[in-house]
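Values quoted throughout were computed directly from the atomic coordinates according to the rules given, and no laboratory measurement underlies them. On a predicted model such as this, the values are computed, not experimentally measured, just so you know. All Cβ positions, even for glycine, are placed from backbone atoms using ideal geometry, and neighbour counts span all protein chains on display.
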Amino acid sequence: MTKYLNRLVFKSVILVSVVALLLNTPGLGSHSVLALTTTVGDATPGAIPNPPAGSSCTSSVTRTYNVATSLIVSDINVGVNVSHPRRSDVRVTLASPSGTTVVLISGGGLGSPVIASPDDYDNYDVLLDDSSINSLYDNDNDVVAAPFYDRDARPFEALSAFKGEDAQGTWTLSICDTRNGEIGTYNNSELTLTSADPNSVAGVVFTDYNDNGVRNHGDVGVPGLLVEAFNNAGVVIATDTTDANGNYNLSIPGGTAVRIEFSNIPSDLRPGAFGVDSGTTVQFVTSPAAGVNLGLAKPDEYCNDNPWLISPCYINGNPLAGGTASTAKVLVSFPYDAYGRQDLTIENTLATGSQIGTTWGLAFQRSTGMVFAGALAKRHAGLGSLGPSGIYAIEMNQATGQASSPPPYDFIRLDTIIASDFGNSILGSNVARGLPANSPIPNTDSTAWGAVGKAAIGDMDMGTDDNTLWLINLANQTLYSIFVGIPAATPGAGDVTAYPISLPAGATACPSTDVRPWAIEIHQGTIYIGVVCSAESSQNVNNLRAYIISMDESAPAGFSLVADIPLNYPRGIASNPDGGYPAEWRPWSPVMTSLCVAPCASEVDLAFEKQIIYPQPILSDIEFDTDGSIVLGLMDRTGHQTGNANLATSDPWDDSPGNPAVGVTLYHKDTYTQVNATMSSGVLYEGVSAGDTLRLCLVGANYVLENNASCGSIATGGNNSAPAQGPGGGEYYWQDMFPPSTDKNGGIHNEVTLGGLLLVPGTNEIAVSVFDPFDLRAGGVAWFNNLTGTRTRAYEVFGIDEGGGPSTFGKAAGLGDIEGFCFAAPIEIGNRVWLDLDRDGVQDAEEIPLAGVTVELYDQNGNLIATAVTDATGAYFFSSGPGTDESNVDYLIDGLNPNSQYTIQIPLNQPALATYTLTQNDSVPEDMRDSDGVAIGGAATVTVTTGDAGDNDHTYDFGFYLGNPPPPPPPPPPVPTTTPSTNGFLIPVTGFAPDRVTTLDPASMPDYKSSKLVLAIPVIRVNAPITGVQFQNGTWDVSWLANQAGWLEGTAYPTWSGNSVISAHVVNADGKPGLFARLKYLKSGEYIFVHNSGYLYTYKVVSNTFTRPDDISILNHEDKSTITLVTCDSYNPKTDTYLRRVVVRAVLVDISAER
């Protein structure tokens, strides 16, 4: 709830200052904010020191900027201009006067030995801006000549780390070289600092997908939230509703302290984690302020920041035969932000060949960290011990990305519980396939060609409840659900349900034998299946189609059609020799074949005299973007039917092995004419995959395929390619080429993707398995921008010809699926400790936080599991999620679980609280703004019951006031035994003439009786003692009450059963507003509180009416404990009287102990 932000104090600013009206800019949307912008620059060139060989950044060139006047940072952009022939070496950091350092450009660090960052181009001339959608690495050289900073990009680390700091002082920009060899020059730079409108509080509400309190470039704004500003009196002085971009702007006079509250949170979102870009649902600021933001978590799409990625990689040979194929890595993990060449210091081998064999589909059980991998039928690569129906399970460590469970990893051989051989009859055993023990040895593996896509397991996914595994049996074209439980246990036949896959009504017809499923994705309670019509039976390319069909997860009963996509669109070239070999999809082939160039007589007429190119589509993966768009991964079947420097299906290659006269059927690359060729013995062939990545956008209720590089409202740079590539002639993800280039028509290979996808919400990226991420005949993962279609970076999993000869798969499919090691959404609890100046138990706008207070978290067994110390904002938090521990925040608390009970305690005898006393708890119904602690056993204590995963709760606050608690009150007086007569008198006159002093005669002052009770009405700022007023001479004399509330004796004693009538002045004798000046504004449903002898009595208002001065019915008895508040209204200066009375009636709804 709280985030003290003493931000954006508006003062005059020297240097270059302009007042700019920022309209419709990223982060501001349609709201206008009058902003003060200060720009400071430096244009003193300097050589970047070249480090010694083997060293990195041993010295730097630095430039400083002096900001002479106080200016609290709302936004900051940095322009950098550097000449360097290998810009991947350059590292740039910026340090603020407060000491905060942000890495703007990372330079080397993760990659080795050649490329140490995502690209190897020249120079930087770039404006670094958090709101940019562009990657720093744009696959092109920058021009350092003016105009400067003419492209924008996101910095490596967010500049929002400076938000809220005072810019006054010296800023330091440091540029260094991470690698010896090339020498660069710093040319110029520029800082642009933005403050805020002197009379506003502004911010944005955004979906924090990784729930870390930092707004990533893909964290979208959330419209429709109500934002209210309360002044120190608790009165709402400004409101706004977040716009389509999540922005709001409140007009509040400068210097006004306010409490900001956020409400109307959508049902699928939760308050997000506290962080540099996100406060909680109640925040305390002084106008002007900007960046008063709120992040909202989305538990069902949560993925932790920088998760570990997992992917199968492949090795030639029989992994069960004891040779090098058995010890090679076949399942790896690496961090999401990995880039550059293969780096074994960050990459983990999760399994070797002998442990799981060849797999493709992956599923991850969030609650346990268990990774499931399903067997893959792949030519040249053998299966594990469980055969084609095998599923393997490996438990992973969240922090290290390493396997935390020892082998064996065998989980289940599905053919023991499912009546299917999963294609074993067409594939055969590793031995029968002739697979060698050692990976560098070529082999024919003839039976596997036809088994690819028809045997073993396709994709897998874990169900929404995290206890059911869903997978595709490729052999019988069936979807299976398998209940495995939490933690996963070996399933039995009774845990399996089969759903045979067939095309639903409305789908373009396809023979059942050509219906080939693979992909599966479970999204928001719906199961999506990816299918192709292989056209194998007709060999007609016009019959090639891709389908997405769906079924309800909770009540699966038949498939519905989501999309029906023709696959005869243009696709550029798969490989560029001989004028280019087209990448257009071809029908599935039952025998090994390839495209060729005339005369297509032998292997010399293949691309580069050895490449097998014959793209056959498999819809292998489905991912959903945060805007509802679907991203499809299309895998080239040929990639799994071929290898790298490996033999054909026979040696020599022949369609009828042993009968050379038959020859080989090839297809002319330009005409697709069948040609018969004769191949030589001992030829080693190189498979070239040509997969694809497509995007479908949700338009109304329908999904529409990208067209000429446009999808929905977004157009990327791949339009009108030559040759045409993609539906409509251009590709949305247009930089899926090798080498990557800003030339959309460039590249040796136009299609390098392998069909594995991962989309982490909030990143604006899609991770895709690729070949040649940097170098030839290598494999890895590349990331593509979902808004621009450009490649942003890549990581190499295996290098050129790694292992020797055919060991790895080069340009064929060397990697499988990609799975993110995304855990269940975390839980964060805690909030704020503050000084309750007025002792009312409510966090008022001007009340200050208490720093240095120790807060403890205990589990339900009384074990201390975490400790935090409040920071300067009074904040403390306990989190089960990832993060770097600070004194006031404890992360990765193993014992903090969903739906469990805990106790938060603050020891009262600690030095930080030596002069303070715990304030009253639960004084108002709004839990977000009250104090929760109750003094028990020497500690301020609150019991906490956590919600589901992702249900953060920032409502646990503790208020303290200076001094010791008051002594306990005496017992209440007895209830009067008689009710006084009320005939002939008026309801007490509780008002004097406004704006005029009325002199009272001290001799007439009645003997009021102190009751030690306190009346509190927070919404109208009433907090006053209740004084007993005797009934004398036929009335109650309330003239001398001043700012006390008067209980009319003879009515029920307050908090007792019956009707307690309490009166107070609307105008005091000095002519100024009295205690009940705002009583008439009290609304039904609001609350009144009475503090009595250590207990809090809560009354709920049921009516607020006006009545005549002689209406004594307000004194009538009530059976229930009722409070009636009364004061005067409608002063008539002619008669010097009040014409009516305000009467508020409230009933008792709760009694709770205050200590």
* To do: Fewest Cβ neighbours within 10 Å first, please rank 462, 737, 635 accordingly.
  => 462, 737, 635
* **Residues residue 505 and residue 591, FRET efficiency given R0 of 35 Å [Cβ-Cβ distance, rounded to 0.05]** => 0.50
* In what sequence do 157, 886, 765 fall when counting other Cβ within 10 Å, fewest first? -> 886, 157, 765
* Structure fact -> Whole-number value, in Å³ per residue, for the convex hull of the alpha carbons of region 42-190 is 103
* Give me the lysines in straight-line cross-link reach of residue 298: C-alpha distance below 27 Å, same-chain residues under 8 apart excluded. => 3, 163
* Karplus 3J(HN,Hα) series, Hz, for region 692-701 with 6.51 cos²θ - 1.76 cosθ + 1.60 (x for Gly, Pro) -> 7, 10, 10, 10, 10, 10, 7, 10, x, 9
* **Rounded FRET efficiency, nearest 0.05, which uses the C-beta distance separating residue 962 from residue 1110 and R0 of 51 Å** => 0.60
* Does anything in region 50-94 have its amide N under 15 Å from the 7 Å Cα→Cβ label point of residue 182, and if so which residues? -> 50-51, 82-92
* Structure fact -> Between residue 1013 and residues 5 or more places away or on another chain, the pairs with built amide H atoms under 5 Å apart involve 1026
* Calculated from DSSP H runs of 4 or more alone, at -39500 (n - 2.57) each and per residue, what is the 222 nm mean residue ellipticity of the chain, nearest 500? -> -500 deg cm²/dmol
* What is the gain in length, in nm to one decimal, between residue 1007 and residue 851 on full extension, counting 0.36 nm per residue of separation less the C-alpha to C-alpha distance? -> 51.6 nm
* Tell me the label-point distance for the pair residue 464, residue 241, using the 7 Å Cα-to-Cβ offset, in nm and rounded to one decimal. => 2.8
* Simple label model, 7 Å out from Cα along Cβ direction - residue 367 to residue 659, nm -> 5.9
* Asked: Under the classification rounded if a/c is under 1.5, otherwise prolate if a/b is larger than b/c and oblate if not, where does region 573-802 fall, given a ≥ b ≥ c as square roots of the Cα gyration tensor eigenvalues?
  -> prolate
* To do: Report the local net charge at residue 688: Lys and Arg +1, Asp and Glu -1, summed over other residues whose C-beta lies under 9 Å from its C-beta.
  => -1
* Can you list the HN-Hα couplings for region 445-458, worked out from phi with the Karplus curve (6.51, -1.76, 1.60; θ = phi - 60°), rounded to whole Hz and with x for Gly and Pro? -> 6, 5, 5, 6, 3, x, 7, 4, x, 10, 9, 6, 10, x
* Asked: Which are the unpartnered cysteines of the chain, meaning those with no other cysteine Cβ under 4.7 Å from their Cβ?
  -> 313, 1128
* Excluding residue 604 itself, calculate the net charge of residues whose Cβ lies under 12 Å from the Cβ of residue 604, where each Lys or Arg counts +1 and each Asp or Glu counts -1. => -3
* Got a sec to turn the phi values of region 818-829 into Karplus ³J(HN,Hα) couplings, 6.51 cos²θ - 1.76 cosθ + 1.60 with θ = phi - 60°, whole Hz, x for Gly and Pro? -> 10, 10, x, 7, 9, 7, 4, 4, x, 10, 10, 10
* Full-extension gain in nm, residue 496 to residue 1070, via 0.36 nm per residue minus C-alpha separation -> 198.3 nm
* **Label-point separation, residue 861 to residue 998 (7 Å along Cα→Cβ), nm** => 6.8
* Structure fact -> Using alpha-carbon positions, the gyration tensor of region 200-301 gives root eigenvalues a ≥ b ≥ c; with a/c under 1.5 called rounded, otherwise prolate if a/b exceeds b/c, else oblate, the class is prolate
* Structure fact -> Final fewest-first order of 329, 1012, 1083 on the 10 Å Cβ neighbour count is 1083, 1012, 329
* Which cross-chain or sequence-distant (5 or more) residues have an amide H under 5 Å from the amide H of residue 553, H modelled 1.01 Å from N in plane? -> 526, 527
* Asked: Can you pull out the chymotrypsin sites (Phe, Trp or Tyr not before Pro) in region 173-224 that DSSP calls coil and that have at most 11 other Cβ atoms within 10 Å?
  -> none
* Structure fact -> Restricting to lysines and to Cα separations under 18 Å from residue 378, and discarding same-chain partners fewer than 8 apart, the set is 329, 454, 811
* Structure fact -> Gyration tensor on Cα atoms of region 308-524, a ≥ b ≥ c root eigenvalues, a/c under 1.5 rounded, else prolate if a/b beats b/c, else oblate, says oblate
* Please list, in chain and number order, the residues 5+ apart from residue 404 or on another chain whose amide H is under 5 Å from its amide H, with Hs placed from the backbone. => 395, 396, 397
* **Under 20 Å from residue 1072, Cα to Cα: lysines that are on another chain or at least 8 residues apart** => 1080, 1134
* What is the calculated FRET efficiency for residue 431 to residue 910, with r their C-beta to C-beta distance and R₀ = 56 Å, to the nearest 0.05? -> 0.20
* Starting from the Cα-Cα distance between residue 478 and residue 101, subtract it from 0.36 nm times their residue separation and give me the gain in nm to one decimal. => 130.3 nm
* To do: Using only Cα positions of the chain, each an equal point scatterer, no hydration layer, compute I(q)/I(0) via Debye at q = 0.05, 0.09 Å⁻¹ and quote the log10 values to two decimals.
  => -0.44, -1.07
